[in-house]
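Since the structure comes first, as structure tokens, the remarks are kept for the end.
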Amino acid sequence: MSLSIIQEAIANKKMLCPKCKKPVQKFEKYAETIDAVRDGFNIVEIDSRGSRVTLTCGNDGCDWKERTEYWRNLIED
Ligand SMILES: [Zn+2]
């Protein structure tokens with residue numbers, strides 16, 4: 001479940017804002033990636049591990065906010 005990964009990353013302050021490099025404070029889900037799409041007569045399976053979220057930095061002096069499905073790139077290992 002990608003949402004729990006995001007939640008955990010934020011709780012552990014591992015989701016970093018690309019602008020101020022401080023931990024992102026909150027997120028909102030805006031779409032689940034679908035599991036399969038119909039492509040003509042075929043059903044094409046796609047990787048559904050990504051959810052689209054709106055990330056909000058929330059730190060003082062930073063107004064960074066972004067809708068992204070590439071939130072994984074912002075999580076520090
Ligand atoms: Zn920021």
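The C-beta contact set for the stretch 17-28 (first residue within 11 Å of residue 62 (Cα to Cα) and aromatic (Phe, Trp, Tyr), second residue more than 6 Å from the ligand (Cβ to nearest atom) and modelled with pLDDT of 95 or more, distance under 7 angstrom, 6+ apart or interchain) is empty.
Just wondering, is there one or more residues in the stretch 13-23 that are of a type in the set (A, V, I, L, M, F, W, C), modelled with pLDDT of 95 or more, crowded, with 16+ Cβ neighbours inside 10 Å and assigned to a loop (DSSP other than H, G, I, E, B)? I'd like the intermediate steps shown before the answer.
The first filter runs over the stretch 13-23 and keeps only residues of a type in the set (A, V, I, L, M, F, W, C), leaving 15-17, 20.
Filter once more, keeping what is modelled with pLDDT of 95 or more: 15-17, 20.
Now restrict to residues that are crowded, with 16+ Cβ neighbours inside 10 Å: 15-17.
Now drop any that are not assigned to a loop (DSSP other than H, G, I, E, B), which leaves 17.
The answer is yes; a qualifying residue exists.
Regarding residue 6, is this residue more than 16 Å from the ligand (Cβ to nearest atom) and either modelled with pLDDT of 80 or more or touching a His at 6+ places or on another chain (Cβ under 6 Å) (or both)? The answer is yes for residue 6.
The values are calculated or read from the model by the stated rules, or taken from the named source; none is laboratory data. Nothing here was measured: the structure is a model prediction, and the numbers come from that model. As a convention, Cβ positions derive from the backbone with ideal geometry for all residues, glycine included, and neighbour counts pool all protein chains shown.
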